[in-house]
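The values are calculated or read from the model by the stated rules, or taken from the named source; none is laboratory data. Remember, it's a predicted structure, so these values are computed and weren't measured experimentally. All Cβ positions, glycine included, derive from the backbone under ideal geometry; neighbour counts span all protein chains shown.
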Amino acid sequence: MSANQPPLSAPEIRRLDPVLGPGHTYASVTDKIAAVVLTRPLGIGWLAGFTLTFTLVMVLFISVAWLIIKGVGIWGINIPIGWGFAIVNFVWWIGIGHAGTLISAILFLLNQKWRTSINRFAEAMTLFAVACAGIFPLIHTGRPWMAYYMFPYPSTMGIWPQFRSPLIWDVFAVSTYGTVSLIFWYIGLLPDLATLRDRAKTRIQQVIYGALSMGWRGSVHHWHRYQSAYLLLAGLATPLVLSVHTVVSFDFAVAIVPGWHTTIFPPYFVAGAIYSGFAMVLTIAIPLRKAYGLEDFITMRHLDNMAKVMLATGLIVAYGYFVEFFMAFYSGNKFDVFLAQQRLHGPYSHYYYALILCNILTPQLLWIEKVRRNVAALFAMSLVINTGMWLERFVIVVISLTRDFVPSAWGRYQPTFWDFSTLLGTIGLFAMLLFLFVRGLPAIAIAEMRELVHETHSEQDPE
Amino acid sequence: MNEHRSKIFGVMGEFTTPEQILSAAHQAREAGYKHITAYTPFPVEGLAEAIGFRWTAVPLLTLIGGIGGGLTGFGLQYWVAAITYPINVGGRPLNSWPAFIPVTFELTVLGAAIFAAVGMLALNKLPQPYHPVFSVERFARASTDRFFLCIEARDPKFNLAETARFLQSVSAEHVSEVKDED
């Protein structure tokens, strides 16, 4: 392989950071990752973070309990703005939940080695984000205990769901995505659970990891079927992850509301989902590698690559915003033209300008290599993009609903304390689950890291 | 002799690199052993072929799951929308199949994914809490940095002393007897 490639010149070698720090062996990567779960004592940082996020989960519980007691009237929603924060937050969370499966499945099929150390916690992040997302449509129904009406089941009333409705497609898309992501994650975890089982020191650890690993022995038959199943799951998850946000965008695009009824929605929703998902992976990866000393595994190469993916998907999103405007004026439809003007000059225009600043202008700094290699700057950028993507959904939901076809149907939307407390509560739930995850399960795929050690060695030493 | 033999599951040799176990597996096949299994901390390319294991039913099961899921999805929607609960919306066709594609697609993926995962576990006979190889103390390192080649006692060519000597001759670092504690 190296024979027909010209040798890299010195500056090129310097720029290609390794995906794995130097000097690692099978045992050293295993020790380092397993120690975070098995032996490391709970630090003050973890306890403080867990306490804070646990408090926010209590805020979520109180908000939802009050909602169930009083009804959705405690939110700022009204007629005509029936969707409000609940749907904004749902779309935001489900978008964040896209990066995990994308990294695991699509980058796996494309044979991108740098995915190896970030795929596990990105998948966990996906599951937690989908869990947070699922809360919102459920409580937005007003009577969450009736949610089973959305599933097709033979009832004595003889009624069935309307399968021609995008809202029912959404039920199937999100629940399938949650299930398949969980399966994919668990199958990937199996060999690592066996590693933890074999290294467990206490009886409790042995029983828990022993049961979860199902008796995995790493025999050649196991691995052969495992690899076949993993590849197939990756192949299945790839169209699935693209379909989920497409179906979410249908919730809007199939309606005739101005600003929603456009064909650009599916691709630009998917790009936006990947954009926010990678931003959230960075938000988590940067503190994680610092706190547990994993800089050898999550290297600058990973951060740089993720920044590049954000830059690319951010440009697709920018193109989507442009096409929305272009089509509004090109179509000549007066409602679409009016809505475009409302985005720029209406009562919610400051949200729109903040969105352009967060999602389009600021991320252009990622063209500069120094910014992509500055950990603090990347962390700040990831927070800005997450905010921007939330604003995007706010702009889409609220501006269109407040400026319908006839002025008599226009309205205003003012979120209340409970809107914010529920959003904050789900952020707390998401973060708390991540805190539990990093101490309960290996945050980096150990078996895949060993494979990476093997590949790295055979590259350096071709015999 | 026979009684003693029934208590032995096989003989296991320990190797330190994937290259070593790969060559040992090839030599074991050449020496005429049939019931060989290798245990590795990560998948080693070519090892399955080396011990003569190629075909797996996982892709076929996945295909069956996918087809089953898709047919279920479309069938359910057709039956609901056209047969049991028909709603006339301005005379539009009841079997409005383009609107049924998203759910059909989702259930295809769901069926295939469940069959792939459960099929893999079932073919691997998991969950299986006990296996004779776990009784070897050194085997705990099979999930970290050691590669094990086990020649099983049910192999017609198996002979405790001779097989152990064979494993040493293919440069196993350590050879241990695997007892079946049934």
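Table for the structure above
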| quantity | calculated |
| --- | --- |
| Which listed residue is over 20 Å from the mean Cα position of the chain (by Cα), within 30 Å of A:ALA194 (Cα to Cα) and among the aromatic types (Phe, Trp, Tyr), from A:TRP75, A:TRP83, A:TRP46 | A:TRP46 |
| Tally, over the stretch A:157-181, of residues that are outside any helix (DSSP H, G or I) and more than 9 Å from chain B (Cβ to nearest Cβ) | 1 |
| Leading residue by the ranking (farthest from A:ALA409 (Cα to Cα)) among those in the stretch A:224-260 that are assigned to a helix (DSSP H, G or I) and among the small types (Gly, Ala, Ser) | A:SER228 |
| Candidate set from the stretch A:343-373 (those that are among the hydroxyl-bearing types (Ser, Thr, Tyr) and closer than 19 Å to A:ALA318 by Cα); member that is surrounded by the fewest Cβ atoms within 10 Å (Cβ to Cβ) | A:TYR353 |
| One residue from A:LEU294, A:LEU282 being crowded, with 19+ Cβ neighbours inside 10 Å and not in a helix (DSSP H, G or I) | A:LEU294 |
| Flag for A:THR126 being in contact (Cβ under 8 Å) with a residue 40 or more places away in the chain, part of a helix (DSSP H, G or I) and within 14 Å of another protein chain (Cβ to nearest Cβ) | no |
| Residue list for the stretch A:18-63, restricted to those being of a type in the set (Gly, Ala, Ser) and modelled with pLDDT under 90 | A:GLY21, A:GLY23, A:ALA27, A:SER28, A:ALA34, A:ALA35, A:GLY43, A:GLY45 |
| Residues (more than 7 Å from chain B (Cβ to nearest Cβ) and not in a helix (DSSP H, G or I)) located in the stretch A:201-223 | A:LYS201, A:THR202 |
| Hey, A:PHE90 in a helix (DSSP H, G or I) and under 30 Å from A:ILE399 (Cα atoms) or not | yes |
| Qualifying positions in the stretch B:162-182 - in contact (Cβ under 8 Å) with a residue 60 or more places away in the chain, on the phi < 0 side of the Ramachandran plot and not acidic (Asp, Glu) | B:THR163, B:ALA164, B:PHE166, B:LEU167, B:GLN168, B:VAL170, B:ALA172, B:HIS174, B:VAL175, B:SER176, B:VAL178, B:LYS179 |
| Hits in the stretch B:83-106 - residues which are more than 8 Å from chain A (Cβ to nearest Cβ), in a loop (DSSP other than H, G, I, E, B) and either in contact (Cβ under 8 Å) with a residue 24 or more places away in the chain or not charged (D, E, K, R) (or both) | B:PRO86, B:ASN88, B:VAL89, B:GLY90, B:GLY91, B:PRO93, B:LEU94, B:ASN95 |
| Any hit, the stretch B:125-137, residues being on the phi > 0 side of the Ramachandran plot and within 14 Å of chain A (Cβ to nearest Cβ) | yes |
| Residue that is nearest to the other protein chains (Cβ to nearest Cβ) [pool: residues in the stretch A:129-152 that are over 28 Å from A:LEU233 (Cα atoms) and in a loop (DSSP other than H, G, I, E, B)] | A:THR141 |
| Any chance B:ALA140 is assigned to a helix (DSSP H, G or I), at the interface with chain A (Cβ under 7 Å from one of its Cβ atoms) and modelled with pLDDT of 85 or more | yes |
| Selection within the stretch A:240-279 - within 14 Å of chain B (Cβ to nearest Cβ) and surrounded by fewer than 23 Cβ atoms within 10 Å (Cβ to Cβ) | A:LEU242, A:SER243, A:THR246, A:PHE250, A:ASP251, A:ALA253, A:VAL254, A:PRO266 |
| So A:TRP66, is it at pLDDT 90 or above and surrounded by fewer than 18 Cβ atoms within 10 Å (Cβ to Cβ) | yes |
| Flag for B:PHE115 being at pLDDT 95 or above and more than 7 Å from chain A (Cβ to nearest Cβ) | yes |
| Residue satisfying condition, being assigned to a helix (DSSP H, G or I), of a type in the set (D, E, K, R), touching a residue at least 40 places away in the same chain (Cβ under 8 Å) and under 22 Å from A:HIS98 (Cα atoms), within set A:ARG301, A:ARG289 | A:ARG301 |
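For (1) buried (at least 22 other Cβ atoms within 10 Å of the Cβ); (2) small (Gly, Ala, Ser); (3) closer than 18 Å to B:ARG146 by Cα; (4) within 13 Å of chain A (Cβ to nearest Cβ), each residue gets a yes or a no:
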{"residue": "B:VAL11", "(1), (2), (3), (4)": "yes, no, yes, no"}
{"residue": "B:ARG29", "(1), (2), (3), (4)": "no, no, no, yes"}
{"residue": "B:THR40", "(1), (2), (3), (4)": "yes, no, yes, yes"}
{"residue": "B:GLU49", "(1), (2), (3), (4)": "no, no, no, yes"}
{"residue": "B:THR56", "(1), (2), (3), (4)": "no, no, no, yes"}
{"residue": "B:ILE64", "(1), (2), (3), (4)": "no, no, no, yes"}
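A quick yes/no check of all residues on (1) of a type in the set (Lys, Arg); (2) modelled with pLDDT of 90 or more; (3) within 19 Å of the chain's Cα centre (by Cα):
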| residue | (1), (2), (3) |
| --- | --- |
| A:GLY293 | no, no, no |
| A:LEU303 | no, yes, yes |
| A:ALA307 | no, yes, yes |
| A:LEU311 | no, yes, yes |
| A:GLY314 | no, yes, yes |
| A:ALA318 | no, yes, no |
| A:TYR321 | no, yes, no |
| A:MET327 | no, yes, no |
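Residue-wise test of (1) buried (at least 23 other Cβ atoms within 10 Å of the Cβ); (2) among the small types (Gly, Ala, Ser); (3) free of Cβ contacts under 8 Å to residues at least 60 places away in the same chain.
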| position | (1), (2), (3) |
| --- | --- |
| A:GLY188 | no, yes, no |
| A:GLN206 | no, no, yes |
| A:SER228 | no, yes, yes |
| A:THR238 | no, no, no |
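Every residue, every condition in (1) within 24 Å of A:VAL248 (Cα to Cα); (2) out of contact with any strand residue (DSSP E or B) (no Cβ under 9 Å at 6 or more places or on another chain); (3) not aromatic (Phe, Trp, Tyr), yes or no:
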{"residue": "B:PRO59", "(1), (2), (3)": "no, yes, yes"}
{"residue": "B:PHE74", "(1), (2), (3)": "yes, yes, no"}
{"residue": "B:TRP79", "(1), (2), (3)": "no, yes, no"}
{"residue": "B:SER96", "(1), (2), (3)": "yes, yes, yes"}
{"residue": "B:ALA99", "(1), (2), (3)": "yes, yes, yes"}
{"residue": "B:VAL109", "(1), (2), (3)": "yes, yes, yes"}
